[in-house]
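Working notes for the structure below.
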Ligand code: TZP
Ligand code: MG
């Protein structure tokens, strides 16, 4: 299994990034320590995802941060993204793996114990577990699992995992104590006026707890 640094996983949101834009937000967050950037734009066409994805890819080149595309397998392939992230309803996992080939990272959202048990490590590289807490960023989210549920799901998942949903700086210790490999945030970085500073604080808290 390939090693992926999931520790600070930024999920972009076009509305929350409206001030400086998704590409600038991602660049600043990666300078502050984000290790993965996911391009997530639910309303964008594939053409637009490709357009933004290519600019993002160039902005992240040489930083070591991974670029993951949410849902849009054609866009992920067109830009040769590092990864594709799908939800349980988006694409059948096997079909997604067949489309992207063996080398692209595949992430899968996992919200329940049944789904955690069903994760196939031959197909999936990491799981996004959540929502940990309720969040306005994804209005249609599934019931929150809390730290206890997060720990249970992370223990069941046969692949590395990242926690998502309502997570802020104050949650870093609790999230990692639950046994996951990373913290995924949208508003804690995109919703601030200083994505660099926000990412840096998160990154320092993450590193501080593993020293
Ligand atoms: N999937 C589950 S919760 C969520 C996604 C994309 C949104 C998390 O956003 P925030 O602002 O970090 O709570
Ligand atoms: Mg999805």
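Using a Förster radius of 41 Å, what is the FRET efficiency between residue 18 and residue 120 based on their Cβ-Cβ separation? Nearest 0.05, please.
Efficiency computed from Cβ-Cβ geometry: 0.60.
Quick one: which of 64-76, 110-122 comes out on top by average Cβ neighbours within 10 Å, and what's the full order, highest first?
Final packing ranking: 64-76, 110-122.
Please report, for the Cα atoms of region 55-102, the Rg to one decimal and the Dmax as a whole number; what are they, in angstrom?
11.3, 33
Label point 7 Å out from residue 3 along Cα-to-Cβ: which residues of region 62-80 have amide N under 16 Å?
Zone members listed by number: 64-66.
With each label point set 7 Å from Cα along the Cα-Cβ vector, what nm distance links residue 103 and residue 55?
2.7 nm
Using Cβ counts within 10 Å as a stand-in for footprinting exposure, how do 187, 80 rank, fewest first?
Ordered by Cβ neighbours within 10 Å, fewest first: 80, 187.
Using only the alpha carbons, work out the radius of gyration and Dmax of the chain in angstrom.
For the chain, the Cα-based Rg and Dmax read 15.6, 43 Å.
Mind running the shape call on region 52-147? Use the C-alpha gyration tensor, a ≥ b ≥ c as the square roots of the eigenvalues: rounded below 1.5 for a/c, prolate if a/b tops b/c, oblate otherwise.
Oblate shape, in that a/c is at least 1.5 and b/c is the bigger or equal ratio.
Using only alpha carbon pairs under 8 Å that are at least six residues apart, calculate the relative contact order of region 8-208 and give it in whole percent.
Answer for region 8-208 is 23 percent.
Values in this text are rule-based calculations from the coordinates and carry no lab data. Source: prediction; values computed, not measured. Positions of Cβ are backbone-derived with ideal geometry, glycine not excepted, and every protein chain shown enters the neighbour counts.
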